[in-house]
Amino acid sequence: MALSVVVAAAATGGAGIRCNSLDLGAGLMCHRSRWKGSAGAVGASKASHGWDCIVGNVTKSKVSRRAVAVGVSAGTAALIAGAVAAAGALAVASMGGRERPSQQAILVTRRGMQLFEQGKVKESVEKFDEAMELDPRQRPYLWQRGLSLYYLDRFEDGAAQFREDVAVNPNDTEEAIWTFLCEAKLYGAEEARRKFLMVGTDSRPVMRKIYEVFRDGRPVEEILQSVSSTGGADFFYASLYTGLYHEVYDNTDAAREAMVAAVRSPYGSRSGDYMATLAKVHCLCRNWELETSSNA
């Protein structure tokens, strides 16, 4: 008996995708890669980096990560619902009708991400905490919770979340940066930099440059100077992290300019990337007025 789960997803340009490591029940365990993620949790990039999934002990398949997002189209959502239902059916059959807590946890996590997208940051943390209670194994993988904690000014909890994440995924560049962002709020930039987490080499040149600038305290202008185009994911990520870097040093005007540029960029306004949502939430939390460009 074999179950093959393959879901197609729309390409969003040359972006990295951020994905979680999720247990969907029935042994359907999807392990996150370093690529950054899509609106709602798990998405797909143009490079087609996917999830390696094991359905019980049956078939190993590639599931597009964008397709397991909460922001997917109705058709894709239906495909995902079918995939999850099939996995759930296997779980129920193998466990005498009992639903696995981990399957509940992933559904609650996705609800938390939806709430974050709506700007309901406090409520999103409540859902992420609920997911951890349902399945404590998911704790080190809830990077979404760390992001929400940052915007609630719970910097110590946020740093702890990101450090746990890097402990199980030592190649996660962005989690190392977010650890620094939290700890800079607690101890100041210089002390936080002394605690900076060392991670593996990111495959994305723009993220390698961002990591170097944050880690070494290099001129922040180097980030945008490393990007050749203003239309793709690289420009979005360069603008996002330029804004976050300026915020570390309380350069509010420069932070606002860079963050708004990230939101108004084609990638920021169209991709469905969870980090594009974060840029909008960042502006909302700072009460920065946002107007998307007319051609977005």
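Restricting segment 136-158 to residues that are in contact (Cβ under 8 Å) with a residue 60 or more places away in the chain and part of a helix (DSSP H, G or I) leaves a set whose member that is farthest from GLU123 (Cα to Cα) is ARG137. If I filter segment 123-134 for residues that are in contact with a helix residue (DSSP H, G or I) (Cβ under 8 Å, 6 or more places away or on another chain) and either in contact (Cβ under 8 Å) with a residue 60 or more places away in the chain or within 21 Å of VAL213 (Cβ to Cβ) (or both), do I get at least one hit? So far as segment 123-134 goes, no, none of its residues is in contact with a helix residue (DSSP H, G or I) (Cβ under 8 Å, 6 or more places away or on another chain) and either in contact (Cβ under 8 Å) with a residue 60 or more places away in the chain or within 21 Å of VAL213 (Cβ to Cβ) (or both). Checked against (1) crowded, with 20+ Cβ neighbours inside 10 Å; (2) more than 16 Å from ILE177 (Cβ to Cβ); (3) touching a Lys or Arg at 6+ places or on another chain (Cβ under 7 Å); (4) modelled with pLDDT under 95, ALA296 meets all criteria but (1).
Inclusion of ALA176 among residues that are touching a residue at least 24 places away in the same chain (Cβ under 8 Å), in the same structural domain as LYS280 (by TED's automatic domain parsing) and surrounded by 17 or more Cβ atoms within 10 Å (Cβ to Cβ) is not warranted.
For every residue, the table says whether it meets (1) of a type in the set (Lys, Arg); (2) crowded, with 17+ Cβ neighbours inside 10 Å; (3) at pLDDT 95 or above; (4) in contact with a strand residue (DSSP E or B) (Cβ under 7 Å, 6 or more places away or on another chain).
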{"site": "ALA78", "(1), (2), (3), (4)": "no, no, no, no"}
{"site": "GLY82", "(1), (2), (3), (4)": "no, no, no, no"}
{"site": "ALA89", "(1), (2), (3), (4)": "no, no, no, no"}
{"site": "GLY96", "(1), (2), (3), (4)": "no, no, no, no"}
{"site": "ARG100", "(1), (2), (3), (4)": "yes, yes, no, no"}
{"site": "GLU117", "(1), (2), (3), (4)": "no, yes, yes, no"}
{"site": "LYS127", "(1), (2), (3), (4)": "yes, yes, yes, no"}
{"site": "ARG163", "(1), (2), (3), (4)": "yes, yes, yes, no"}
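Could you say which residue among LEU181, LEU197, LEU186, LEU240 is of a type in the set (A, V, I, L, M, F, W, C), assigned by TED's automatic domain parsing to the domain that holds THR277 and within 22 Å of LEU149 (Cα to Cα)?
The match here is LEU240.
Return the only residue of PRO219, PRO205, PRO170 being touching an Asp or Glu at 6+ places or on another chain (Cβ under 8 Å) and more than 17 Å from LEU278 (Cα to Cα). Of the residues listed, the single one that is touching an Asp or Glu at 6+ places or on another chain (Cβ under 8 Å) and more than 17 Å from LEU278 (Cα to Cα) is PRO205.
The values are calculated or read from the model by the stated rules, or taken from the named source; none is laboratory data. Just so we're clear, the structure is a prediction, and the values are computed from it rather than from any experiment. Heads up, the Cβs are rebuilt from the backbone with ideal geometry, glycines too, and the neighbour counts pull from every protein chain shown.
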